[in-house]
Amino acid sequence: TMSKKVEVTDRDQLRAVRITDLVNEILSFAPELYDNFKISAINVGLMGHMGAGKSSLLNTLFTSISKSLYSGFKVGNADSTHVTSKFVRINLTKNIFITDAWGFSNGNYKKGEFELMLQGKMEIGTHESLGKNIPAKNFSSTQDIISNKLHCLLFVIPCSAYNNDDHIKDIIYYMNQAKKFNVRFLVVLTRIDRIDDLATKPEDILFNDEVANIKKAVSQSTSVPERWIFAMTNYVDQTTKNMHIDYNALLLIREMIRVAVDSLEVEDKSLTIKAKEAIDSLEVEDKSITIKAKEAVDSLEVEDKSITIKAKEAVDSLEV
């Protein structure tokens, strides 16, 4: 029993150190540190069915990088009157924005709205920073669209629905749509601790075989890589911070950054290729113009020679 206590204590101490490192890494992240990126922040979309646990996930993400519990986002459920009714943009950090979308149910997304959200063309209702609302401007210029394009999408489902056909179909559909716009796709399984026959403690999530099997099943059903599937215990009715809930949330944020940067690098290469193709096109066009100009000069020279000959013939005719 004594050795087990020491082992747990050691793990807690290691996690405490790791949490400090992760928080510092996340808070210091800035896209401008990468030479190629011309944007000041990465954008992460948050979506899922009504009552999936998006708001409690937001509270958890904020708490994990804060010194105290954060509960600024009102938590509802599938039958609650509280629903996100418009796109809300939130500063998780100075350089990480989250766009919270309304929970979908019975086709409440109009045709094309999700695609507009992915591209950064959807009107944002409010801009929220740690619970302080300020009006958000509409996206009108090309620069607005570029800077608001999503780089990563978190798709939230309750863990109890991991084998629900409707949820699986939604994951596959929205993942494929996201791929079209080079948006990376992470799946978040919430309320892992509320499954009766699992009863997983936050500190055991990363090492629990049943949790691993659930992630594997979701991966096999959807083709989402297991490393992009996260099982979470969210802050709901806790009264103090829990380092293990924080640790799992920080791992999720770190992966959000990684896949967003990967998305930007692919996009940057794509833009570089397109720019090169445009330059090649201009060079070909320039050569074509040069050839046409030369042909025109040659034509004028031939025409000039013809005129000279005709003039000479006219003079000869007069002399005769």
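All of the numbers you see were taken from the coordinates with simple rules; none came from a lab. Owing to the predicted nature of the structure, the values given are computational and were not obtained by experimental measurement. A quick note on method: Cβ atoms are made from the backbone with ideal geometry, for glycine too, and the neighbour counts reach across all protein chains shown.
Data overview
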quantity: 5 angstrom amide H check on Gly48, placed H, neighbours 5+ away; calculated: Phe104, Val156
quantity: Net charge of neighbours whose Cβ lies under 14 Å from the Cβ of Leu22, counting Lys and Arg as +1 and Asp and Glu as -1; calculated: 0
quantity: Segments 151-159, 24-32, 176-184 sorted - mean Cβ within 10 Å per residue, highest first; calculated: 151-159, 176-184, 24-32
quantity: Hz values of 3J(HN,Hα) by residue in region 47-54 - Karplus curve (6.51, -1.76, 1.60), Gly and Pro given as x; calculated: 8, x, 5, 4, x, 6, x, 5
